[in-house]
1. For region 168-183, enumerate the residues that are farther than 12 Å from Ala126 by Cα and in contact with a strand residue (DSSP E or B) (Cβ under 9 Å, 6 or more places away or on another chain).
2. Quickly run through region 78-98 and pick out the residues that are part of a helix (DSSP H, G or I) and farther than 21 Å from Pro22 by Cα.
3. Take the conditions more than 13 Å from the chain's Cα centre (by Cα), more than 23 Å from Asp9 (Cβ to Cβ) and either surrounded by fewer than 20 Cβ atoms within 10 Å (Cβ to Cβ) or at pLDDT 95 or above (or both) and apply them to Val85. Does it pass?
4. Could you tell me whether Asp69 is under 18 Å from His21 (Cβ atoms) and not small (Gly, Ala, Ser)?
5. So which residues in region 63-77 are part of a strand (DSSP E or B) and among the aliphatic types (A, V, I, L, M), if there are any at all?
6. Of all residues in region 1-57, which are of a type in the set (Ser, Thr, Tyr), more than 14 Å from the chain's Cα centre (by Cα) and more than 19 Å from Phe134 (Cβ to Cβ)?
7. Among the residues of region 34-62, count how many are assigned to a loop (DSSP other than H, G, I, E, B) and touching a residue at least 12 places away in the same chain (Cβ under 8 Å).
8. Applying the selection to region 2-33, what residues are in a loop (DSSP other than H, G, I, E, B) and touching a helix residue (DSSP H, G or I) at 6+ places or on another chain (Cβ under 8 Å)?
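The values are calculated or read from the model by the stated rules, or taken from the named source; none is laboratory data. None of these values were measured; they are calculated from a predicted model. Reconstructed Cβ throughout: ideal geometry from the backbone, glycine too, with neighbour counts over all protein chains shown.
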Amino acid sequence: MFEDIKLVDVLGFSLVNYPGHPCTVIFTAGCNLRCPWCHNWRIAYGDKSKQDRTKQVLERLKDLRKYMDAVCVTGGEPTIHADLVDVLKLLRKWGYIVKLDTNGTKPEILEKALPFLNYVALDIKAHPDNYPKFTGVEENVWWKVEASLNLLRKALLPHELRMVKVPHLTTDRDIAFLKKIKREGELSLPSNIESVKLREYIAPPDRH
């Protein structure tokens, strides 16, 4: 059905992935970053990143619609897949409300996806100067993340900005930058549009 997306897994029920909504969760394979502290590294760039169970995941998701109203699309990084928007259209056709988790590095895909989204979680990994250290790639991709943030704010789409406090990596400067973004949002947006979260790092048990 879809040639340019790889779905690798589905979680039937979650109380933590979509604020205020019990939801199912689907995972896309692969990522364009190599964050050394990634919690989902097996799906992002490990052994599961090569898998493709799209047909099975979508069949399961269609069946789960009898019980669930919401779905979170996460990864990996969903926006690296050209067919993401078509999948989102299908989810909305089935009656799901849809949340997207993204690192924000593909604003051109996010812009196309916006009409089919109800909520977005956007990663703010660090102060812009520190982005290469956090992402494991040479290019500083902050300007792309900033473009994605501006798209969300312009669209007035409910969203959260989240930073993981990584031991021995996250600095006071990174946290201060997140607080600065929070102040900007409070000054320019309705109070129900944007939330900001600083989360403690939890190492995955199977981390290499």
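1. Lys182
2. Thr79, Ile80, Leu84, Val85, Asp86
3. So Val85 does not fit the description; no.
4. Yes: the conditions hold for Asp69.
5. Ala70, Val71, Val73
6. Ser14, Thr24, Ser49, Thr54
7. The total comes to 11.
8. Of everything in region 2-33, those that are in a loop (DSSP other than H, G, I, E, B) and touching a helix residue (DSSP H, G or I) at 6+ places or on another chain (Cβ under 8 Å) turn out to be Phe2, Ile5, Lys6, Ala29, Gly30, Cys31, Asn32, Leu33.
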